[in-house]
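Shown next, in structure tokens, is the structure this report addresses.
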Amino acid sequence: MSTVTIDKAGPTRKVKYGSMSRDRAWALRWSYFFLTLFAIFSLVPPIYMLITSLKSSAEISAATNPWWVFHPTLSNYIELLTSNQFLRFFWNSAWVSIIVVTITMLISVPAAFALSRMKFWGSATLATGVFLTYLVPDSLLFIPLFKMFAVIGDWTGIQLINKWYVLLFIYPTLTVPFCTWIMIGYFASIPKELDEAAIIDGASWFQTLTRIFIPVALPGLIAATIFAFTVSWAQYLYPLVFTTSTDQLVLPVGIITTLIKGDVFNWGQIMTGALLGAAPPLIIYAFLMDYYIAGLTAGATKG
Amino acid sequence: MADVTLRKVVKRYDDVEAVRGIDLDIADHEFVVLVGPSGCGKSTTLRMIAGLEDISDGDIMIGGDVVNDVPPKDRDIAMVFQNYALYPHMTVAENMSFGLRLKHYPKAEINARVTEAARMLDITDLINRKPKQLSGGQRQRVAMGRAIVRNPKVFLFDEPLSNLDAKLRVQMRIEIKKVHQKVRTTTVYVTHDQVEAMTLADRVVVMNHGRIEQIGTPNELYHKPATKFVASFIGSPAMNFVPCRLEDSAGKLHLRLTDRLAFPLPPARAARYNALPRTDKLLFGIRPEHMTEASPHAEPGVEPFDATLDVTEPMGMETLVYFTLEGTAVCGRVNPNAGAQDGGPLRMAVDLNNMHLLNEATGAVL
């Protein structure tokens, strides 16, 4: 019966509006067109960085074709990777990012669980409040935060400013609200019966969180982790303000402050440093993205 | 295993009373079904027994102990949810053993119980699959398995078959009944489907507007409903209700439906209704199977009348006929060979031995 109807409807439709597959083909063509355009647009800077990083200072300053390397050299890489200073920046960045991600997850996952599942007085307001915190621009927060740490230093004698670990206190003010918000969304998508089943099975709140919610919301957890890592790895304004001594700097600030000497720009090394700095997030994306996407498509909690 | 008792249980949400003082005694090994339309408080009642909802007033006892403030995990109950609520990241075996593992049962014991439950539910082959690789019916079996392995005092089912298609629902209904015959655990089962209630229950609790309308065996509810709500809710097609009054004529008590149509009541019914005031506004309640084609032999208490059919529905073993009885649409069940036709006339007969008489204002069955 149904096939007959489709056969009848098919030709008339084709004449008037074109078939579904033709519509789809055009949609695909257009999306490839724009995706290619977008890919070129976003790939030009890193390619330019790569090309420049393989040039010597002499070749960079000579007015040759900027898109081609005539005398490729790895000297920029060798110099940077053997410089203690650069490795110091790198490790500072790594430590800050890893610890911040850990702190963020330890705070925002339980917070999101509480806000999405334990109905207590003011929980809804608190959840909105968490999100509103995120809407305050970072560039407005650094002055009061700086003042706060200065005052704390005056009162307690604990001097945190100009220490790399001051960033461990500051970055979570950016990452925790957003990650909590992401996790609230993921946890809210878990059917309520699932935690009720766990509670009846004898799980405590903590066990429900660790054995049911975290595994089920793993894609969300990974998304939040990637976000927190990227924010702390790429942050520029805060470390610029809060750290000044060379041995306390993180990578983005370190590259700029040490490789630009007065009006002399060491472009080759700046580009090399930037490329090397971009590597860790790239590697993390590459590894976690598989889990992330797999988790998203598998998310079979219902049906 | 244990009995479950509810004493004046009330649930209030802000100023709305979802459950308004329920008294219910469920015996050990009993299969009780709570049935009613959506919003009648049946699920809330079940969730209060489970401990997932606080009770606003009254007492709930499981095995003689008041459990009002006992958390769900300490009530020794197991619950099966409408959407199965399987843990998506665990295999079937892990899903079933989760509760036992939390309680640190020895591995051998856990394995034995899971194997036994899987065998009982015929899901042994699926034991290492994840929930997303299972069909709806298989998921529901796993959910039941998760309840069975715990060997709890009480099973709670919250509309467990509502997400299944009609055919599978009938099949799973039988499975649930079989499981109960084997394990004999006290069971409270919530459904909005009266057929499910009738087929599964030892006793059915009909709820409406947060109150219990009637408690009884399926047959009691069907044949002796206490209220109009129960009479109309149980049975499909539903009972017909026609406005009527009582009348004495020629020394016999008559049931007068209209000026033109009145039936003499059989002696047993006449004796039962004789004391009622003749002025009361009443409803004549009759099930479709008691309005059938007239037979050539007169039977006591079966009164014939002429009807013009509006619509007929041949069901195979019977034909449903719809017609108006003096302004009220009613349904009858006739033999497929009775010659019922859309728009055609049919000599019908009403079996007054199986009639009900209701007070129109209160809805009470008299």
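Summary of values
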{"read-out": "Sole exception among (1) modelled with pLDDT under 90; (2) closer than 25 Å to residue B:48 by Cα; (3) not basic (Lys, Arg) for residue B:207, by number", "value": "(1)"}
{"read-out": "Segment A:181-209: number of residues that are within 30 Å of residue B:101 (Cα to Cα) and either buried (at least 19 other Cβ atoms within 10 Å of the Cβ) or more than 14 Å from chain B (Cβ to nearest Cβ) (or both)", "value": "20"}
{"read-out": "Among residues of segment A:123-163, those that are within 28 Å of residue A:89 (Cβ to Cβ), of a type outside the set (Phe, Trp, Tyr) and touching a helix residue (DSSP H, G or I) at 6+ places or on another chain (Cβ under 9 Å), counted", "value": "11"}
{"read-out": "Residues located in segment B:260-295, provided they are closer than 17 Å to residue B:246 by Cβ and among the β-branched types (Val, Ile, Thr)", "value": "B:279, B:286"}
{"read-out": "Count of residues meeting criterion [more than 18 Å from residue B:3 (Cα to Cα), in contact (Cβ under 8 Å) with a residue 60 or more places away in the chain and assigned to a loop (DSSP other than H, G, I, E, B)] in segment B:145-165", "value": "4"}
{"read-out": "Verdict on residue B:74 being out of contact with any Gly (no Cβ under 9 Å at 6 or more places or on another chain), surrounded by fewer than 19 Cβ atoms within 10 Å (Cβ to Cβ) and either modelled with pLDDT under 90 or not basic (Lys, Arg) (or both)", "value": "no"}
{"read-out": "Verdict on residue B:227 being modelled with pLDDT of 90 or more and not aromatic (Phe, Trp, Tyr)", "value": "yes"}
{"read-out": "Residue count, segment B:119-140 (criterion: within 15 Å of residue B:165 (Cβ to Cβ) and part of a helix (DSSP H, G or I))", "value": "5"}
{"read-out": "Within segment B:97-114, tally of residues that are of a type outside the set (Ser, Thr, Tyr), surrounded by fewer than 23 Cβ atoms within 10 Å (Cβ to Cβ) and within 14 Å of chain A (Cβ to nearest Cβ)", "value": "7"}
{"read-out": "Within segment B:97-130, tally of residues that are within 18 Å of residue A:198 (Cβ to Cβ) and either basic (Lys, Arg) or at pLDDT below 90 (or both)", "value": "3"}
{"read-out": "Failed condition for residue B:94, given (1) away from every other protein chain (no Cβ under 14 Å); (2) more than 15 Å from residue B:148 (Cβ to Cβ)", "value": "(1)"}
{"read-out": "So residue A:173, is it out of contact with any Pro (no Cβ under 9 Å at 6 or more places or on another chain), crowded, with 20+ Cβ neighbours inside 10 Å and of a type in the set (Val, Ile, Thr)", "value": "no"}
{"read-out": "Residues being among the small types (Gly, Ala, Ser) and either under 18 Å from residue A:282 (Cβ atoms) or touching an Asp or Glu at 6+ places or on another chain (Cβ under 9 Å) (or both) - total across segment A:31-58", "value": "3"}
{"read-out": "Subset of segment B:236-271 (residues that are part of a helix (DSSP H, G or I) and within 15 Å of residue B:366 (Cβ to Cβ))", "value": "B:268, B:269, B:270, B:271"}
{"read-out": "Top-ranked residue in segment B:258-314 [being in contact (Cβ under 8 Å) with a residue 24 or more places away in the chain and among the small types (Gly, Ala, Ser); ranked as nearest to residue B:326 (Cα to Cα)]", "value": "B:307"}
{"read-out": "Residue within segment B:211-227 that is over 23 Å from residue B:287 (Cβ atoms) and among the aromatic types (Phe, Trp, Tyr) present", "value": "no"}
{"read-out": "For residue B:142: the one exception among (1) crowded, with 24+ Cβ neighbours inside 10 Å; (2) more than 30 Å from residue B:25 (Cα to Cα); (3) not polar (S, T, N, Q)", "value": "(2)"}
{"read-out": "Unique residue being touching a helix residue (DSSP H, G or I) at 6+ places or on another chain (Cβ under 9 Å) and either among the polar types (S, T, N, Q) or within 21 Å of residue B:239 (Cα to Cα) (or both) when the list is B:287, B:256", "value": "B:287"}
{"read-out": "Unique residue being part of a loop (DSSP other than H, G, I, E, B) and of a type in the set (A, V, I, L, M) when the list is A:197, A:224, A:203", "value": "A:203"}
{"read-out": "Entirely in segment A:18-132, the helices (runs of 4 or more DSSP H) that have 3 or more residues that are closer than 30 Å to residue A:162 by Cα and in contact (Cβ under 8 Å) with a residue 40 or more places away in the chain", "value": "A:75-82, A:84-117"}
{"read-out": "Subset of segment A:210-226 (residues that are β-branched (Val, Ile, Thr) and either more than 13 Å from every other protein chain (Cβ to nearest Cβ) or touching a Leu at 6+ places or on another chain (Cβ under 9 Å) (or both))", "value": "A:212, A:214, A:216, A:222, A:225, A:226"}
{"read-out": "Residue pairs meeting the criteria (Cβ under 8 Å; at least 6 apart or on separate chains; first farther than 12 Å from residue A:196 by Cβ and more than 7 Å from every other protein chain (Cβ to nearest Cβ), in segment B:72-84; second assigned to a strand (DSSP E or B) and modelled with pLDDT of 90 or more)", "value": "B:75/B:62; B:75/B:154; B:76/B:62; B:76/B:154"}
{"read-out": "Criterion (charged (D, E, K, R), at pLDDT 90 or above and not in a loop (DSSP other than H, G, I, E, B)) met by exactly one of B:303, B:313", "value": "B:313"}
{"read-out": "Flag for residue A:93 being small (Gly, Ala, Ser) and within 18 Å of the chain's Cα centre (by Cα)", "value": "yes"}
{"read-out": "Filter result (closer than 18 Å to residue B:63 by Cβ and within 19 Å of the chain's Cα centre (by Cα)) within segment B:24-44", "value": "B:24, B:25, B:26, B:27, B:29, B:30, B:31, B:32"}
{"read-out": "Near pairs, Cβ below 6 angstrom, 6+ apart or cross-chain, from segment B:166-190 (surrounded by fewer than 19 Cβ atoms within 10 Å (Cβ to Cβ)) to any residue that is of a type in the set (Gly, Ala, Ser)", "value": "B:168/B:137"}
{"read-out": "Test: residue in segment A:149-165 that is within 20 Å of residue A:124 (Cα to Cα), surrounded by 13 or more Cβ atoms within 10 Å (Cβ to Cβ) and of a type in the set (Val, Ile, Thr)", "value": "no"}
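Let's see how each residue does on (1) within 13 Å of chain A (Cβ to nearest Cβ); (2) charged (D, E, K, R); (3) under 27 Å from residue B:41 (Cα atoms); (4) out of contact with any helix residue (DSSP H, G or I) (no Cβ under 9 Å at 6 or more places or on another chain):
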residue	(1), (2), (3), (4)
B:129	yes, yes, no, no
B:143	yes, no, yes, no
B:169	no, yes, yes, no
B:183	no, no, no, no
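The values are calculated or read from the model by the stated rules, or taken from the named source; none is laboratory data. Please read these numbers as outputs of a predicted model, since none were measured by experiment. Quick reminder, even Gly has a Cβ in these numbers, built from the backbone with ideal geometry, and neighbours come from all protein chains shown.
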